[in-house]
Amino acid sequence: MLLKIFSPQKNHHSLALQAAVSTAKRGDWQNIGGQLMKAETVATLKTKIRKNKISSWPQLHTAYEEIGNEYAADKLQHAVACLLEIKDSSLKNMTTADLAQWMNDSVGTMEWITAQIKRSREKDYKNPFRQLAYESEKEMNAVVGSLEDNSFIKQTAEDLEKYKLQVNKTISEWEL
């Protein structure tokens, strides 16, 4: 997420990160019709509706779009606040070495998630109850596709490789 928000520029990363997350705090989130929003944003939206500041569907859709435009920044702030809490650190005390380590740790997390996705899908393919619906493994693969050709697994593996490259590039460009 951090890598999507900032375009790495030498010597500007620390200031840009601090500016973007200076008010970072954890809070509750709600799923509002498939769109994740901070609970305080939902409360503000409801207040505007009650006070007729939003009084039509087009106005509500515009408000949703504006909230959606803030989503990446809100998510970054929440993620940084969670990370700092987990690491028992603060933005003031965070060093470039910490940032580099946490970025490298994130690669390990992404590798674990990728492996778990494949493992989960593999269990589906080896499930004897699922296999009962087909005469053979060949028929099952013809209907649902093979594990090796699973587009979600392939996309996740490709995303992981891109992420690794981006982390390494960012650490290098930011001289962490």
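Values in this text are rule-based calculations from the coordinates and carry no lab data. Nothing here was measured: the structure is a model prediction, and the numbers come from that model. Ideal geometry is used to build each Cβ from the backbone, glycine not excepted, and the neighbour counts take in all protein chains shown.
A few remarks follow.
- Förster radius 45 Å - calculated FRET efficiency between Ala73 and Glu161 (Cβ-Cβ, nearest 0.05): 0.95
- Computed E for Trp29/Glu148 - FRET, C-beta separation, R0 25 angstrom, nearest 0.05: 0.10
- Other-chain or far-sequence residues with amide H under 5 Å of Trp29's (modelled H): Ala39
- When you work out D = kT/(6 pi eta Rh) for segment 108-168 at 37 °C and 0.692 mPa s, using the Kirkwood radius from C-alpha pairs as Rh and the Stokes-Einstein form, the result is 256 µm²/s.
- Computed [θ] at 222 nm, deg cm²/dmol, the chain (DSSP H ≥ 4; -39,500 (n - 2.57); rounded to nearest 500): -22500 deg cm²/dmol
- In segment 84-176, chymotrypsin sites (Phe, Trp or Tyr not before Pro) in a DSSP loop with at most 15 other beta-carbon atoms within 10 Å: Tyr134
- Pairs exceeding 21 Å between alpha-carbon atoms, taken from Lys38/Lys118; Lys25/Lys92; Lys25/Lys53; Lys25/Lys169: Lys38/Lys118; Lys25/Lys53; Lys25/Lys169.
- Gain on full extension, evaluated as 0.36 nm per residue between Tyr64 and Trp112 minus their Cα-Cα distance, stands at 13.9 nm.
- Trypsin sites (Lys or Arg not before Pro) within segment 79-176, DSSP loop, no more than 15 other Cβ atoms inside 10 Å: Lys87, Lys92
- Debye log10 I(q)/I(0) for segment 33-176, one point scatterer per Cα, at q = 0.09, 0.13, 0.21 Å⁻¹: -0.55, -0.89, -1.21
- Taking 0.36 nm per residue of sequence separation and removing the Cα-Cα distance, the Thr96/Phe129 pair yields an extension gain of 6.8 nm.
- Under Karplus coefficients 6.51, -1.76 and 1.60, residue-wise ³J(HN,Hα) of segment 149-160 in Hz, glycine/proline x: 9, 4, 5, 5, 5, 4, 5, 5, 5, 5, 4, 4
- Given 14 as the ceiling on other Cβ atoms within 10 Å, longest exposed-site-free region of the chain for GluC sites (Glu not before Pro) in DSSP loops: 1-134
- Nearest-ten-degree value, helix 57-86 long axis tilted from longest Cα axis of the chain: 90 degrees
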